[in-house]
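The values are calculated or read from the model by the stated rules, or taken from the named source; none is laboratory data. This is a predicted model, so every value here is computed, not measured. All Cβ positions, even for glycine, are placed from backbone atoms using ideal geometry, and neighbour counts span all protein chains on display.
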Amino acid sequence: MNIENSKQQLIDEYIKKVKNTPDIELNQDQKELIIEILTKIDPKYIQNAYQMLNQRVKTGFTFDEAPSTSKTNIALLAQDKKRSFINNVLNASDFENSLIIGENYDALKNLIQIEKIRAMTGGGHSNFDVIYIDPPYNTESAKTDGNVSANNNENISASKFIYRDKFSRNGWLNMMKERLVMARQLLKEDGVIFVSIDDNEQAYLKVLMDEILAKRILYAILYDKRKMKVQRKILLI
């Protein structure tokens, strides 16, 4: 066996290891990036490169497994007629307010599709003037309210409110990025986004929102005198 074949076998072995790495440690985009690096690097450096990348995984280059969401399918929203009403002040044709109860990821995807259909049918893009987001603060404080995140070993009643507010920081930012990117698609150019967050994640969230919203961020700091703690609101315009 010549040296070239030996190096190629080593590359193939490392690529196989990357592909077999659990998604909770490396997501698909990260796997593709590492494989691209391994295939393009000079073969004489391949072993050192793999060890460096592998060390990054072991020292924190890990990500929470994303919540179970489908990027190719969309959950259809059904109208609940028992909870729907038209009052005597507004005409039915002018009544456009909707309350969507469900997972916000699915709701955002539905709203994006509604806007696309509106544009294709000549209704133009109405989009949204204001978006308010009150995300998990990533502090696990919701446990005091009896809300916990379910896993495969837990038997949680359907009537229980499942609310996860403790991720790794990378996992929390991944979750926020998916939703902020979709929210940006719905926002008017002169629209505003309000985000309520505390000191635990606000600095990291600002960097993420700088990236997604082109640094259109202003801060407004509000104080909650009942708790004597700073409650930060991030205002984007």
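Any idea which of 127, 174, 200 is at pLDDT 75 or above, surrounded by 10 or more Cβ atoms within 10 Å (Cβ to Cβ), out of contact with any Leu (no Cβ under 7 Å at 6 or more places or on another chain) and within 17 Å of residue 108 (Cβ to Cβ)?
Working: 127 fails: out of contact with any Leu (no Cβ under 7 Å at 6 or more places or on another chain); 200 fails: within 17 Å of residue 108 (Cβ to Cβ).
Sole residue among the options that is at pLDDT 75 or above, surrounded by 10 or more Cβ atoms within 10 Å (Cβ to Cβ), out of contact with any Leu (no Cβ under 7 Å at 6 or more places or on another chain) and within 17 Å of residue 108 (Cβ to Cβ): 174.
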Next on the checklist: Which of the numbered conditions does residue 57 fail, given that it passes all the others? Conditions: (1) surrounded by 15 or more Cβ atoms within 10 Å (Cβ to Cβ); (2) at pLDDT 75 or above.
Outcome noted: (2)
